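Novice: Below is a structure I'd like to ask you about.
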Protein chains: 2
Amino acid sequence: MNIGQAARQSGLSAKMIRYYESIGLLKAAHRTDSGYRVYGDDDLHTLAFIKRSRDLGFSLEEVGKLLTLWQDRQRASADVKALARQHIDELNQKIRELGQLRDTLQDLVEHCHGDHRPDCPILKNLESGCCAPPARP
Amino acid sequence: MNIGQAARQSGLSAKMIRYYESIGLLKAAHRTDSGYRVYGDDDLHTLAFIKRSRDLGFSLEEVGKLLTLWQDRQRASADVKALARQHIDELNQKIRELGQLRDTLQDLVEHCHGDHRPDCPILKNLESGCCAPPARP
DNA sequence: CTTGACCTTACCCGCATGGCAAGGTTGATC
DNA sequence: GATCAACCTTGCCATGCGGGTAAGGTCAAG
C-alpha cells in the first residue's frame, strides 16, 4: 500500500506520515525499487494508534512514549496511567485558565451597552485595567 | 525612555515590542540620532493596552482590531462588544473540546487498574478505538 | 579609557502542519 | 509508443508568538 492510501485509511495526511518518519516517531517505511514508501497492516495499525493518540490531545512527544509503552510487552499499566493522568492535569489547567479569561470577558461584555455611543467599558478596561481587573497569569 | 524601560513598565519584553513594530501592530517608534527607539507616555499607554489585551487571550490580529477601534473616536461600542463576544465564543468552543478530551481520558484512566500487569485498557483503546470511543473533532 | 549595561539588526529554534515547486513513477487510454 | 492524470519523491517556505544568541554600536559611571 502506498502512502496516500495509508493516509486515507489512518485519517492522517501523507505529509504527517513522512514527518513522523523524519522525526523518528515511526521507523523508516519499506520502499519499492523506485523509492515509494510501502505500508502493511502492522504499519496501518501503528498509524491508527498515533491518530487516536493525537485526537486525544497528546503531543507528538507523548505519543512517542505511548508507542514505546505500547510496543513493550513488559510495560506496566501504571506507566500509561501516569502519562494519561498527567495529560488530564494539563487539560484541566488549560480549561481553568480559559474559563477565567472567558469570565473576565463576559463580565466586561455585560457592562458594555453595545450601541452607537463611543463610550465602551471594554476598551476602558483594556486601557487602564480598572473597573474589572482581568485575571493575569 | 528606551525600549528596556518601556518593556519593564508595560510587562512586555523588548523583543515583543520590536516584533509588534515589525508586523505593523505598532507604528515605528521615534529614534535617537544613534538609532535607539524612544518611547513616551502615549506609547506606554498603547503598550499597556496591548499587554492587557494579550492577557485576555486576544490574538495579535484581534489586538490590532481592538487598537483600531480604540483609536477611532467615532467607534461604536457595539463593534468592540461583537469582537469580545466572538472571542468568548471561541474560548467556549475550546473549553468544550478540551473538556471532552479530558472526560474521555478520565474514563479510560478509571478503567485502568494501574498496577504492574501489562494489560492496559488505555493502550487497548488507542489501539483499536473500541471500548470507550474518544471524542473525535 | 575601560567596563558593563544597554541598544541595534539578523539569524536559527520550537510546535505540528499546510502549501508549493520541480521532478520521477505508475497505470490506463489512445 | 506516446500521452495523460494521478500518484510519489525531496526540499524549501510559511504559520503564531516569541526565546535565544551572536556580532556589533552606544552610553554613562568610575
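The values are calculated or read from the model by the stated rules, or taken from the named source; none is laboratory data. Quick caveat, the model's predicted, so the values are computed rather than measured. Here the Cβ is made from the backbone with ideal geometry for all residues, glycine too, and neighbour counts use every protein chain on show.
Novice: Give region B:10-49 a look and list any residue that's under 20 Å from residue A:123 (Cα atoms) and away from DNA strand D (no atom under 11 Å from the Cβ), or say none.
Specialist: Within region B:10-49, B:10, B:26, B:27, B:41, B:42, B:43, B:44, B:45, B:46, B:47, B:48, B:49 qualify.
Here is a yes/no grid of residues against (1) farther than 30 Å from residue A:58 by Cβ; (2) of a type in the set (A, V, I, L, M):
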residue	(1), (2)
B:2	yes, no
B:5	yes, no
B:23	yes, yes
B:32	yes, no
B:42	yes, no
B:81	yes, no
B:86	no, no
B:108	no, yes
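Novice: Here is a further query. Please work out which one of (1) more than 10 Å from chain A (Cβ to nearest Cβ); (2) surrounded by fewer than 14 Cβ atoms within 10 Å (Cβ to Cβ) is the condition residue B:96 fails and give its number.
Specialist: Condition (1) is where residue B:96 drops out.
Novice: Can you tell me which residue among B:57, B:24 is within 14 Å of chain A (Cβ to nearest Cβ), more than 13 Å from DNA strand C (Cβ to nearest atom) and part of a loop (DSSP other than H, G, I, E, B)?
Specialist: The match here is B:57.
Novice: All but one of (1) modelled with pLDDT of 85 or more; (2) surrounded by 15 or more Cβ atoms within 10 Å (Cβ to Cβ); (3) facing chain B (nearest Cβ under 7 Å) hold for residue A:123; which doesn't?
Specialist: Going through the list (1) modelled with pLDDT of 85 or more; (2) surrounded by 15 or more Cβ atoms within 10 Å (Cβ to Cβ); (3) facing chain B (nearest Cβ under 7 Å), residue A:123 breaks only (1).
Yes/no matrix, rows are residues, columns are (1) at negative phi; (2) modelled with pLDDT of 90 or more; (3) out of contact with any Ser or Thr (no Cβ under 8 Å at 6 or more places or on another chain):
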{"residue": "A:35", "(1), (2), (3)": "no, yes, yes"}
{"residue": "A:49", "(1), (2), (3)": "yes, yes, yes"}
{"residue": "A:58", "(1), (2), (3)": "yes, yes, yes"}
{"residue": "A:66", "(1), (2), (3)": "yes, no, no"}
{"residue": "A:85", "(1), (2), (3)": "yes, yes, yes"}
{"residue": "A:95", "(1), (2), (3)": "yes, yes, yes"}
{"residue": "A:105", "(1), (2), (3)": "yes, no, yes"}
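Each row is one residue, and each column tells you yes or no for (1) surrounded by 14 or more Cβ atoms within 10 Å (Cβ to Cβ); (2) more than 7 Å from chain A (Cβ to nearest Cβ).
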| position | (1), (2) |
| --- | --- |
| B:38 | no, yes |
| B:48 | yes, yes |
| B:51 | yes, yes |
| B:71 | no, yes |
| B:75 | yes, no |
| B:83 | yes, yes |
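Novice: Under 6 Å between Cβ atoms, which residue pairs at least 6 apart in sequence (or on different chains) link something in region B:1-13 that is within 17 Å of residue B:53 (Cβ to Cβ) with a partner that is within 12 Å of DNA strand D (Cβ to nearest atom) and basic (Lys, Arg)?
Specialist: Cβ pairs passing all conditions: B:10/B:51; B:11/B:51; B:12/B:51.
Novice: Being over 19 Å from residue B:111 (Cα atoms) and of a type outside the set (Ser, Thr, Tyr): is that true of residue A:52 here?
Specialist: no
Novice: Quick check: is even one residue across region A:97-109 within 16 Å of DNA strand C (Cβ to nearest atom), in a helix (DSSP H, G or I), within 24 Å of residue B:98 (Cα to Cα) and in contact with a helix residue (DSSP H, G or I) (Cβ under 8 Å, 6 or more places away or on another chain)?
Specialist: No, region A:97-109 has no match at all.
Novice: Continuing with the same structure: Taking the conditions exactly as written (of a type in the set (Val, Ile, Thr), within 22 Å of the chain's Cα centre (by Cα) and either within 16 Å of DNA strand D (Cβ to nearest atom) or closer than 16 Å to residue B:126 by Cα (or both)), does residue A:68 satisfy them or not?
Specialist: Against the criterion (of a type in the set (Val, Ile, Thr), within 22 Å of the chain's Cα centre (by Cα) and either within 16 Å of DNA strand D (Cβ to nearest atom) or closer than 16 Å to residue B:126 by Cα (or both)), residue A:68 qualifies.
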